[in-house]
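The values are calculated or read from the model by the stated rules, or taken from the named source; none is laboratory data. Given the structure is predicted, the values throughout are model-derived calculations rather than measurements. Cβ placement follows ideal geometry from the backbone for every residue including glycine, while neighbour counts extend to all protein chains displayed.
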Amino acid sequence: MTVAEGQEAKFVVKIAGGKPKPTIKWFKEEEEITTTVEIYEVVEIEDTVTLIIKSAKPEDAGNYYAQLLNEAGTISTNKAQLIVNSALFLSNYSSYFDLANKLKFVKYIEIEGGPVFVKVPEPLAPINKDESVRFECIVEANPKPTVSW
C-alpha cells in the first residue's frame, strides 16, 4: 500500500472462526506494535480488525502483519508493505491524480495492496472418512496474488 505522508494507512484482517475467539497482535517488521492514541488505532467490528496509522510518516514505511492467537495455536497473516511518499514530493499537488494530470503521461493509478480475503473458506460440519470436501476462497490484491493450498 502506498500513501502520501500525513495520510491514514489501514491494514485489515477478517477473522474466520476460531474458538475461542483469537486475540490479535500487530507487528511492524518483527517488532510488536504498541497502540497509542497519537499514532496507531485498532478498531474491531464483528469479525474484522483494522490497524490504522493515523498520519503516516516516512519512518512508518515497512512490512506489517498480524498474529492471531488462542489456545489452539498461533497463526500470522502475510506481510503487507507500506510505502510512504514524502510530503515534499507532493507538496505542489493536491493528490496523485492532480500530479498525474500535470505530468500528462499517466491515465490511471492503481493502488497496490497486500492480499485481502474477500471470501474465506467456511467452517465445515464433521465429515466421514473418504467423503469429498470443497474449500473455496476469493483473494484480491494488486498485483494479482497467487493462492496456494
task: Would you check if there is a residue in the stretch 13-20 being in a loop (DSSP other than H, G, I, E, B) and at pLDDT 85 or above?
output: no
Pick from the stretch 31-42, criterion more than 13 Å from Ala66 (Cβ to Cβ) and part of a loop (DSSP other than H, G, I, E, B), ranking: modelled with the lowest pLDDT: Val37
field: Test: residue in the stretch 52-65 that is β-branched (Val, Ile, Thr) and modelled with pLDDT under 90
entry: no
- prompt: In the set Glu41, Glu5, which member is farther than 25 Å from Pro145 by Cβ, surrounded by 14 or more Cβ atoms within 10 Å (Cβ to Cβ), charged (D, E, K, R) and in contact with a helix residue (DSSP H, G or I) (Cβ under 6 Å, 6 or more places away or on another chain)?
  reply: Glu5
message: Condition first: within 14 Å of the chain's Cα centre (by Cα) and among the β-branched types (Val, Ile, Thr). Now tell me which residues in the stretch 11-38 satisfy that.
response: Val12, Val13, Ile15, Ile24
message: Yes or no: the stretch 71-92 includes at least one residue that is in a helix (DSSP H, G or I), surrounded by 12 or more Cβ atoms within 10 Å (Cβ to Cβ) and modelled with pLDDT under 65.
response: yes
message: Pairs needed: first member in the stretch 24-53, closer than 22 Å to Asn78 by Cβ; second member anywhere, surrounded by fewer than 11 Cβ atoms within 10 Å (Cβ to Cβ); C-beta distance under 7 Å; at least 6 residues apart or different chains.
response: Lys25/Glu32
